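One structure is given here, and the rest of the page talks about it.
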Amino acid sequence: MGLFFKNKKDEVKEEIKHEDKPQKVSLGQKLRQMFGGRTLSDEDLDSLEETLIAADIGPAISYELIETLRSKSIKTIDDGIELLKSEMESILVDKYSPIERGQLNIVLVLGVNGVGKTTSIAKIANYYMRRRFKVLLAAADTFRAAATEQLTRWANKLDIPIIKQGEGADPASIVFDAIDSAVAKGIDLLLIDTAGRLHTKANLMEELKKIERIIEMKRTKDNINFIKMNMLVIDGTTGQNAFQQAQAFNELIGVDGIVITKYDAQSKGGIVFTIEKKLGIPFYFIGTGEQLEDLQQFKSDEFIQNIFN
Ligand SMILES: Nc1nc2c(ncn2[C@@H]2O[C@H](COP(=O)(O)OP(=O)(O)OP(=O)(O)O)[C@@H](O)[C@H]2O)c(=O)[nH]1
Ligand SMILES: [Mg+2]
């Protein structure tokens, strides 16, 4: 692809240019349009509840939120929005453990096909490189040759090392090599790309467990010190489906953090509340486009502010 030239540093700078993003109507704008300038009736509260559900907030949480508005006899949409904000803030607690420099952090990136794992890895690498982390990538998606090529292009673009083997290689063996290399190079952050997999496919889930065993073996047998986390990538445009993915991956191998992607598109974001409330998994990043800089750290107050802008 013409995007990938030799002069990597210049290119990374190029990426900083801003693209035109599609304009989204925020939930707040929508609510003000629907109910602005009048006293909220019972029917209004019912349709407010439907609007929250349509924003992927989930029926149970939406019901509770509306009951709170009712019990507090909220009369205007502006008061309603203020109360919704504080109620929703209490659901989202920023309880993630920060990834810190000066130690090896191993991040195993998981998710179903096409959610944005590989792209998010490049963005996360870029994010931490700007914070002076030494980053290494591992191409443990050996399912398709194109997957390793895609990650290699990002590694070249970012000018960082990548550990890879041929198509069909054992992902666990790549992870094994990558951890050795990370130790030898004094890496702060090792990001492992994995093949997209349906949580319902037992053999692929077995493969993930094998990768996990290899990582743990490095800790116990080789006495390598590191912090390891499983980062699930979900596509923000898929709504309740993303919740089912989070639940399934969490049950099968455990999920420590989530990246929600495609938040630039028509994503509604309400799914974040369902996942945090029901599974208690913290969100780390939001992806807002296809370029390297289209990634923000997830901050619940900003996220909620954004919804109700
Ligand atoms: N608009 C938008 N597109 C994104 C975002 N993140 C990823 N994409 C796009 O989504 C598509 C899939 O991204 P990948 O990173 O290849 O997804 P993946 O999960 O690695 O896919 P598989 O390896 O096939 O499972 C690509 O076209 C990306 O450019 C985002 O935050 N916003
Ligand atoms: Mg991929």
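No value in this document is a laboratory result; all are computed from the given coordinates. A quick note: this is a predicted structure, and the numbers were derived from the prediction, not measured. Counting neighbours? That spans all protein chains shown, and the Cβs are built from the backbone with ideal geometry, glycine included.
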If you line up the long axis of helix 171-185 against the longest principal axis of the chain, both from Cα atoms, how many degrees apart are they, to the nearest 10? 80 degrees
State, as an integer percentage, the relative contact order of segment 97-186 based on alpha-carbon contacts under 8 Å between residues 6 or more apart. 28 percent
Kindly rank 70-82, 230-242, 153-165 from highest to lowest mean number of other beta carbons found within 10 Å of each residue. 230-242, 153-165, 70-82
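Would you mind putting 55-61, 45-51 in packing order, based on average other-beta-carbon counts within 10 Å, highest first?
Working: 55-61: 19.4, 45-51: 15.7.
Order by mean packing, descending: 55-61, 45-51.
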Roughly what would the spin-label model give for Arg132 and Asp44, points 7 Å off Cα along C-beta, in nm? 5.4 nm
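Using the 2.2 N^0.38 Å rule of thumb for compact globular proteins, work out how the chain stacks up: its C-alpha Rg over that value, please. Working shown, then result.
Working: Rg = 21.2 Å, N = 309, 2.2 N^0.38 = 19.4 Å.
It is 1.09.
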Starting from the Kirkwood Rh over alpha-carbon pairs, what translational D in µm² s⁻¹ does segment 239-286 have by Stokes-Einstein at 37 °C and 0.692 mPa s? 301 µm²/s
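Nearest 0.05, what FRET efficiency do Ile227 and Ser26 give at R0 = 45 Å with Cβ-Cβ as r?
Values: r = 36 Å, r/R0 = 0.80.
Efficiency, rounded to the nearest 0.05: 0.80.
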Quick one: angle between helix 145-158 and the longest Cα principal axis of the chain, in degrees between 0 and 90, rounded to 10, please. 90 degrees
Against the longest principal axis of the chain, how steep is helix 117-129, in degrees 0 to 90 to the nearest 10, with axes from Cα atoms? 80 degrees
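Just the number, please: percent antiparallel of the DSSP beta bridges in the chain, rounded to the nearest 5. All intermediate terms of the calculation are to be shown ahead of the outcome.
Details: 3 of 29 bridges.
Expressed as a percentage, antiparallel bridges in the chain total about 10.
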By average Cβ neighbour count within 10 Å, what is the ranking of 89-101, 133-145 from highest down? 133-145, 89-101
Among Gly36, Gly196, Gly28, which one shows the biggest mean-square fluctuation in a GNM of the chain, springs joining Cα atoms closer than 10 Å? Gly36
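Figure the gain on full extension for Glu206 and Val93 (residue separation times 0.36 nm, minus the Cα-Cα span) and round it to one decimal in nm.
On the way: separation 113, 0.36 × 113 = 40.68 nm, distance 3.21 nm.
Full-extension gain reported as 37.5 nm.
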Given labels modelled 7 Å from the Cα in the Cβ direction, how far is it in nm from Ser73 to Ala169? 7.0 nm
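Quick one: plug the Kirkwood hydrodynamic radius of segment 139-225 (C-alpha pairs) into Stokes-Einstein at 4 °C, 1.567 mPa s, and report D in µm²/s.
Numbers: Rh = 13.6 Å.
For these conditions, the coefficient is 95 µm²/s.
If you take the beta carbon distance between Glu251 and Lys185 as r and set R0 to 25 Å, what does 1/(1 + (r/R0)^6) give as a FRET efficiency, to the nearest 0.05? All intermediate terms of the calculation are to be shown ahead of the outcome.
Working: r = 35 Å, r/R0 = 1.39.
The value I calculate is 0.10.
Around Ile260, what is the net charge, scoring Lys/Arg as +1 and Asp/Glu as -1 over all other residues with Cβ under 12 Å from its Cβ?
Numbers: positive: Lys262, Lys268; negative: Asp56, Asp235, Asp264, Glu276.
Value of the local net charge: -2.
Explain nothing, just the number: dipole magnitude of the chain about its Cα centre with +1 on each Lys and Arg Cβ and -1 on each Asp and Glu Cβ, in debye rounded to the nearest 20.
Values: 41 positive and 46 negative charges, 216 e Å.
Computed charge dipole of the chain: roughly 1040 debye.
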Prolate/oblate/rounded label for segment 27-91 (Cα gyration tensor, a/c 1.5): rounded
